[in-house]
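J.: Dropping a structure here in structure tokens format, bear with me for questions.
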Amino acid sequence: MKTTITILATFLSLGLRAQTERATFSDDVAQAGQASFELVSFVATPVNGDGVRLQWSTGSEAPNSAFHIQRSSDGANWRTVITQDGEGGGSGYSFYEVMDLAPEHGVTHYRLLALVPGQTPEYSDEFAVVFNPKPVLRIEGDGNPSRFIVQVDGTITDLQMLNNRGQFVPMTINYTGSEALVEVAGMEPGTYYVQAMVDGTPVLREVLVTATGVIGG
């Protein structure tokens, strides 16, 4: 009887150990099938007044991951401006690059929000940039083909006008800080080019002269 009890206890012990080992193996398989997320870098860079380039890389990703580029003017209130699906390639380096074509002027804060199924959302470090848009010449006509106004955000100087043959057009200019009143006599209808310096930056703008005025916008 004692021998029978000992054999039965040993059998039960071995069975329990086998179940435990199978459970542990199943957990290991499940964990192996779910890649961990690793954010390697996140960088924001202003690009020649055209926008802000956002670049980031990952060392590993899980399937169905997603990225949200968030922007803030004060570093406290954030909103998502760009979304990007992840490659979901498991372990391995992945690189991403997108452009924010409508950033806020001045100092802007960016951060990356990574959304991974079954995991806590992960934020990158914040990245602050200073964005200054390219100067733009705004042309306003007043129904007179020999007179128009050039407006800018800043100070305008050295304004000139060329015809489609590259010849400078004689004109009279009256500067008033951010505006220039241009008077040109005898302009024929056609395409012209207005160039000027805005806060020291050269800017070129195409305009169309018609029989009723100057069109630029």
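We did not get these values from a lab; they are worked out from the coordinates using the rules stated. Note that the structure is predicted; figures quoted are calculated from it, not measured. Every residue, glycine as well, gets a Cβ built from its backbone with ideal geometry; the counts of neighbours run over all protein chains shown.
J.: Once each part is reduced to its C-alpha centroid, what is the distance from region 63-77 to region 109-137 in angstrom?
T.: So the separation of the two Cα centres works out to 5 Å.
J.: List the residues, sorted by chain then number, that are 5 or more residues from Gly88 or on another chain and whose placed amide H is less than 5 Å from its amide H.
T.: Those lying under 5 Å, H to H, from Gly88 are Ser65.
J.: What is the extension gain from Gln160 to Arg53, computed as 0.36 nm multiplied by their sequence separation minus the C-alpha to C-alpha distance, in nm to one decimal?
T.: Length gained, Gln160 through Arg53: 35.2 nm.
J.: What is the packing order of peptides 117-123, 66-72, 39-45, 167-173, taking the mean over residues of other C-beta atoms within 10 Å and listing the highest first?
T.: Taking the mean over residues of other Cβ atoms within 10 Å, the ranking is 66-72, 39-45, 167-173, 117-123.
J.: Using a basic spin-label model with each label point 7 Å from the Cα along Cα→Cβ, how many nm lie between Leu208 and Asp85?
T.: Placing both labels 7 Å along Cα→Cβ, they lie 4.0 nm apart.
J.: What whole number of Å gives the distance from the Cα centroid of region 193-217 to the Cα centroid of region 144-160?
T.: Region 144-160 and region 193-217 have Cα centres spaced 7 Å from each other.
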